Each structure stands twice: as structure tokens, then as C-alpha cells.
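This report refers to the structure that appears directly beneath it.
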Amino acid sequence: MSMIPGDAAVRRFRRCFSALSAALALIGTAVFLSACGEEAGSADKLVMVTEATFPPYEFRMGREVIGVDVDIVRAVAEELGRKLEIKDAAFDSVIAHVITGKADIAASGITVTEERKKNVLFSIPYVTAAQLIIVMKDSRIDSAAALKNNVRIGVQSGTTGFDYVRNNIITDKSSPLLAQFPNGALAVEAMKAGKIDAVILDAGPAQALVAQNGGTITVLPEPLTSEEYAIAVSKQNRELCRTIDKVIRRLKESGGLREIFDRNKALAEQHRKLQERQQETSSS
Ligand code: ARG
């Protein structure tokens, strides 16, 4: 896509212009106005997009999406005096959501990468993270080096975990050894079913999955990468990015960010135990 500033505005204008002619022909200018006013950033709400299977950053408790990212963005919404709206979407679409204006903010445990920086603005980072290897407890895979021996690996699509495997382990694009899943939990299910041998996933959700799968799976201690998570906004939204930076800086300095992490880790754990109990009662 083109990187000329204002390009999106031109496209939006063209879109609106064609909408205008159609609208005039059909039912008048009211349609034109509402079609062009449909940008995410309306004055009173802030739209965040995420992929909510990623504890403790974003996960569902009942119908509600909660997590570290939600709390940070809620603080941003408060700072702006806007109401927070959350969209739950496929991870490989969250960046596109902010580029096309379907959301103001993408907060989804997103790793800052040079490639992504070409398309969106990133806030300052709020945490350092890593990719870890998940294997069955009785697996003979015991290191990153062992992944190169014809190991079938699962990843969440569109993630830096996928990039890592593609660039370092399974470089052949047509190799059937690399399998993509909509989320880490499904990749782990496939591993438990014997369809793959290892899952590469971010540390936070990887540890949550290990806790959830009572003793049958484990993570190897050696991290594959060091990555930084940040919040993404459209290149047209420099002002919003500055506000996010300000809020993150404040949360870091006040200890609020630490509290957000502690609270959401505890909530994720609580949620896991609840699910476990529900499963026990439904299977007995
Ligand atoms: N940190 C990784 C990336 O940026 C994975 C993020 C996945 N996030 C999620 N909410 N599913 O590619």
C-alpha cells in the first residue's frame, strides 16, 4: 500500500464522492453523510480491536472481554472522555482494522516489528515478551535445535510465532510441517490429538495453556525470541498515539501497570479454575 500522507483521506473522499452520487440519485444526501460518518473514531467512543483468546492480555470471562490490554485502553478512553467499545476479531485482521478505520486502536499483545511499522503507528512498548515452545510432557523435543528434525509445528496465524518458524525453522513455504490455527488453544488441542508435535506461542498464553492442561503439556524454558508489545493506531492518528504513550508512561511510573498485570493474571487463573470445575461437574 502507498505511504503518501493523506492518501487515505483522498481515498475516503473518493469513496464518499461515489457514495454521494449514488445517494443523490437514490434517496438524497442523508445517506452520504451517514456513510462517511461511519469512521470508528466518532467523538464519544473509542473502538478497540483485539483477538480475545490470549490471557492475561485479552480473554473472555463469560461474555465480557477483559485483560491487560483492555485495562490499558480503558485508561486511554478515560483520558479522552470517550466510551470504550471492543471488537473481537481474528488476530491476522487487527492491524487491517486500524488501517481501514474499523477500529481506532489495536491492542492484542501485538509485537512491534519493522514490517508492521510500515503500516501503523506504535505506542511506546508496555511489556517485553517471548515466544516459547509448548510440547507434550513425554515429548523427546527438548530444545529449539530439536525443532529442526522434521517436527510438525503449530502457530497462531498472522503472529510473530509464525514469522519465527518460517524464518528460522521451516523455511520451505510448501512444507506441510507448519500448521496455522486461529488461536493457541486450538493448536494445543491438535497437539494433544497427535496431529502436531510442538506449538510456538507467546509466553503469557503459553503458560496459561499449560496451567489449563493439567500436567499433560509443558513449556521449554529456553525463549526463542525477545519481543516488545505495543498498541497500534492508524498513521493518521498521531495525536491518539501521543495520548496512549502518555497513559502508558503514567501507568508505568505509578505502579498501575504492575497492578493491571497482577489483577489480570489472577482473573485468568480464577477463570481457569471455574472452567475446570464446570468440566468436572458436567463429566460426572
Ligand atoms: N505477539 C504476537 C504477535 O504480535 C502474537 C499476538 C497474538 N495476540 C492475540 N491476542 N491473539 O504477532
- Query: Of all the residues that make up region 42-67, how many are within 10 Å of the ligand (Cβ to nearest atom) and either more than 23 Å from LEU80 (Cα to Cα) or acidic (Asp, Glu) (or both)?
  - Reply: 7
- Turns out the strands (runs of 3 or more DSSP E) fully within region 39-154 with at least 1 residues that are without any contact (Cβ under 8 Å) to a residue 12 or more places away in the chain, of a type outside the set (Lys, Arg) and under 21 Å from PRO205 (Cα atoms) are 64-66
- Within region 100-125, residues charged (D, E, K, R) and within 17 Å of THR159 (Cβ to Cβ) come out as GLU114, GLU115, ARG116, LYS117
- Query: more than 12 Å from the ligand (Cβ to nearest atom) and either surrounded by fewer than 18 Cβ atoms within 10 Å (Cβ to Cβ) or at pLDDT below 95 (or both): does that describe SER157?
  - Reply: no
- Quick check, is LEU84 more than 14 Å from the ligand (Cβ to nearest atom) and surrounded by fewer than 24 Cβ atoms within 10 Å (Cβ to Cβ)? yes
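So that you can scan it fast, the table gives a plain yes or no per residue for (1) modelled with pLDDT under 95; (2) over 20 Å from SER234 (Cα atoms); (3) more than 15 Å from the ligand (Cβ to nearest atom):
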residue: ALA77; (1), (2), (3): no, no, yes
residue: ALA90; (1), (2), (3): no, no, no
residue: HIS97; (1), (2), (3): no, no, no
residue: GLY101; (1), (2), (3): no, no, yes
residue: GLU115; (1), (2), (3): no, no, no
residue: VAL120; (1), (2), (3): no, no, no
residue: LYS137; (1), (2), (3): no, yes, yes
- Query: Out of the residues in region 174-194 that are open to solvent by 70 Å² or more (accessible area, probe 1.4 Å) and in contact with a strand residue (DSSP E or B) (Cβ under 9 Å, 6 or more places away or on another chain), which is farthest from the ligand (Cβ to nearest atom)?
  - Reply: LYS192
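The values are calculated or read from the model by the stated rules, or taken from the named source; none is laboratory data. Model, not experiment: these values are computed from the prediction. Note: ideal-geometry Cβ built from the backbone for every residue, glycine included; neighbour counts use all protein chains shown. The accessibility values were calculated without ligands, DNA or RNA, using every heavy atom of the protein model including side chains. Shrake-Rupley method; radii C 1.70, N 1.55, O 1.52, S 1.80 Å.
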